[in-house]
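**Q** Structure incoming, see below.
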Amino acid sequence: MRRAGLYDPRFEHDACGIGFVADAGGRASREIVDAALAALNRVRHRGAVAADARSGDGAGILLPLPQAFYRDLVTRAGLGAPTAARIGVATVFLSNLAGDEGDGERRGVRHALKDACQAEQLEVTGWRHVPVESNALGD
């Protein structure tokens, strides 16, 4: 690449990249998700694959939360109908230690999250164990 204006290719030394895939009309579709996943798969050259050739570096795609799906989960869990116009979801990794030590760590994390949410006038309505397909994980 050649130097042009304020651009100087000598400063191009990182391996980061960003892609953007969207429907010009703002419509959600499976095709957009498939296109985003295909774009992500085409950046393997950046070295973001582990030695097992299956594990990635956590790069992914950002999607809006499916509000109807989470409202249904909240209702089915017996937590009542959500009162907020929108639902937020946090992914929290809790200790997998057994016994009192693990229980204490999990309680501490849950308490810290609840306090942080309350400080922002948010309500924690429940917890859910997310199904995991371990066979899809790398070695």
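The values are calculated or read from the model by the stated rules, or taken from the named source; none is laboratory data. Given the structure is predicted, the values throughout are model-derived calculations rather than measurements. Glycine gets a Cβ as well: all are built from the backbone with ideal geometry, and neighbour counts include every protein chain shown.
**Q** Filter region 69-94 down to residues that are under 19 Å from the mean Cα position of the chain (by Cα) and small (Gly, Ala, Ser) and give me whichever is surrounded by the most Cβ atoms within 10 Å (Cβ to Cβ).
**A** My answer is Gly88.
**Q** With the requirement that a residue be modelled with pLDDT of 90 or more and under 20 Å from the mean Cα position of the chain (by Cα), what does region 113-139 give you?
**A** Leu113, Lys114, Ala116, Cys117
**Q** What's the number of the condition Ala136 fails, among (1) exposed (fewer than 10 other Cβ atoms within 10 Å of the Cβ); (2) more than 23 Å from Leu62 (Cα to Cα)?
**A** Against the list (1) exposed (fewer than 10 other Cβ atoms within 10 Å of the Cβ); (2) more than 23 Å from Leu62 (Cα to Cα), Ala136 comes up short only on (2).
**Q** When the residues of region 86-139 are narrowed to those that are part of a loop (DSSP other than H, G, I, E, B) and of a type in the set (D, E, K, R), which ends up farthest from Val74 (Cα to Cα)?
**A** Once the filter is applied, the top-ranked residue is Asp139.
**Q** I've got another one for you. Pairs under 6 Å by beta carbon, first residue farther than 12 Å from Leu63 by Cα in region 14-29, partner at pLDDT 75 or above, six or more apart or different chains?
**A** As it stands, the answer is Gly19/Ala39; Asp23/Ile32, since those pairs meet every condition given.
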